[in-house]
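Since the structure comes first, as structure tokens, the remarks are kept for the end.
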Amino acid sequence: FSDYRKNNPFPDDPEGYIDFTKVTNHAGNFDKLSDTDNVIYAVQSALWYYQKGNSYKNKYTVDWADEDNIEWTSRTLNGGHNGKKLRRDYTFRAREAFKVYDHYREAYKNGNDTEKKEIEERLKEISKTKKVSNTGTGKIDLKDGAASRLYDQLKKPVLKLESLPIKVIPLEIMQPEIKIMPIKTIKKSKKR
């Protein structure tokens, strides 16, 4: 993080380069990362870690999060399986709160074929039943039921009705013997 800040200075940074690994007299610059009076370093370090701090399979946390991949986002942030069920539940709630499914629906409706295919693949992936380890609770399923329902809706075949040329033929030409007659009503007799 120190090197990143040195090479990529943040705007409005009050101190410039800081070696957060430097320790003197049992105190260190790392304490600035948890300073509640000046949270700038805590926020910067969190953003750095999310974007460049830890990778797995040549992707960083931000890349896994962009793919809606709960498992690998969790692994790059927390390493291992601790608390994965809670993060899964929070992810599902966040998708609802931030109207992610509405975004997918609109992007699909207005997208080109390539964009539609990407959305289908993303929804298909997060709709799969996927059992993963979770410390304390055994296996949990990362399947997103709402994404699965949306995927099914988007993949339903759309019936397209095309207009057919209709030739109008006057009624008297088709059946000239038709005559219009008044309708007679029949009264029912009362039975006693």
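The values are calculated or read from the model by the stated rules, or taken from the named source; none is laboratory data. It should be emphasised that the depicted structure is a prediction, and the values quoted were computed from it without experimental measurement. Backbone-built Cβ (ideal geometry, glycine too); neighbour counts: all protein chains shown. To get the accessible areas, we keep the full protein, side chains included, count just its heavy atoms, and leave off ligands, DNA and RNA. Shrake-Rupley method; radii C 1.70, N 1.55, O 1.52, S 1.80 Å.
Quick rundown of the values:
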quantity	calculated
Compactness relative to 2.2 N^0.38 Å, alpha carbon Rg of region 72-145	1.27
Reach of residue 6 by Cα under 13 Å, taken over aspartates and glutamates that are not fewer than 8 positions away in the same chain	15, 19
Region 11-118, accessible surface, carbon-and-sulfur percent (1.4 angstrom probe)	51
Amide H within-cut-off set for residue 82, under 5 Å, with H built and near neighbours excluded	135
Summed side-chain charge close to residue 17 - residues other than residue 17 whose Cβ falls under 10 Å, Lys, Arg +1, Asp, Glu -1	-2
Stretch gain in nm, segment residue 50-residue 10, where the contour uses 0.36 nm per residue and the Cα spacing is subtracted	12.8 nm
Loop chymotrypsin sites (Phe, Trp or Tyr not before Pro), region 74-121, which have at most 15 other Cβ atoms in a 10 Å radius of their Cβ (DSSP)	98
Using θ = phi - 60° and Karplus 6.51 cos²θ - 1.76 cosθ + 1.60, couplings along region 100-106 (whole Hz; Gly, Pro as x)	4, 5, 5, 4, 4, 4, 5
Counted charge near residue 45, where neighbours are those whose Cβ lies closer than 13 Å (Asp, Glu -1; Lys, Arg +1)	-1
Label-to-label distance, nm, for residues given as residue 124 and residue 94 (7 Å Cα→Cβ offset)	2.6
Within region 53-91, trypsin sites (Lys or Arg not before Pro) in DSSP loop having at most 14 other beta-carbon neighbours inside 10 Å	57
Gained length - residue 102 relative to residue 59, 0.36 nm times residue gap less alpha-carbon distance	12.8 nm
Length added when fully stretched, residue 110-residue 39, from 0.36 nm per residue minus Cα-Cα	21.5 nm
Region 107-147, Rg to Rh (Cα coordinates; Rh as Kirkwood inverse mean 1/r)	1.21
Karplus 3J(HN,Hα) series, Hz, for region 107-114 with 6.51 cos²θ - 1.76 cosθ + 1.60 (x for Gly, Pro)	5, 5, 4, 9, x, 7, 4, 5
Net charge of Cβ neighbours under 13 Å - reference residue 140; Lys, Arg +1; Asp, Glu -1	+4
Using θ = phi - 60° and Karplus 6.51 cos²θ - 1.76 cosθ + 1.60, couplings along region 137-154 (whole Hz; Gly, Pro as x)	10, x, 8, 10, 9, 8, 4, 9, x, 5, 5, 5, 5, 5, 4, 4, 5, 5
Average accessible area per residue (Å²) across region 1-122 - probe 1.4 Å, nucleic acids and ligands excluded	67
Long-range amide H partners of residue 55 with built H, under 5 Å	none
